[in-house]
Amino acid sequence: MHATAPLACGQAMIVAGYAVRFVPDMTLVADLAKAHTSGKPDEKLTHFAMPKLLIVDAVVVTAILESLTHQVHP
């Protein structure tokens, strides 16, 4: 999937007033593995389940960071 589709979807949800979380794929895996190892997977699952939309994608997160960088340093 092209990076702009999930980014546009996420932005539309934010504008509509919904909570959206963008998470890099490897961060999600690492956080869930760490929570499982510590015996507290429910807490981390609740954390990721709170927003109405969870976008897990390394490409999208990279695009967001690049966009923010260009806004701060044009």
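No value in this document is a laboratory result; all are computed from the given coordinates. Keep in mind that what you see is a predicted model, and the values were worked out from it rather than measured. Here the Cβ is made from the backbone with ideal geometry for all residues, glycine too, and neighbour counts use every protein chain on show.
Would you please name the residue that is surrounded by the fewest Cβ atoms within 10 Å (Cβ to Cβ), looking only at residues in the range 41-57 that are out of contact with any Pro (no Cβ under 7 Å at 6 or more places or on another chain) and not in a helix (DSSP H, G or I)?
MET50
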Selection within the range 1-26 - of a type outside the set (A, V, I, L, M), in a helix (DSSP H, G or I) and touching a residue at least 24 places away in the same chain (Cβ under 8 Å):
THR4, PRO6, CYS9, GLY10, ASP25
Cβ pairs under 6 Å, 6+ apart or interchain, first in the range 38-52 and without any contact (Cβ under 8 Å) to a residue 60 or more places away in the chain, second assigned to a helix (DSSP H, G or I) and among the charged types (D, E, K, R), ordered by first then second residue, are LYS44/ASP31
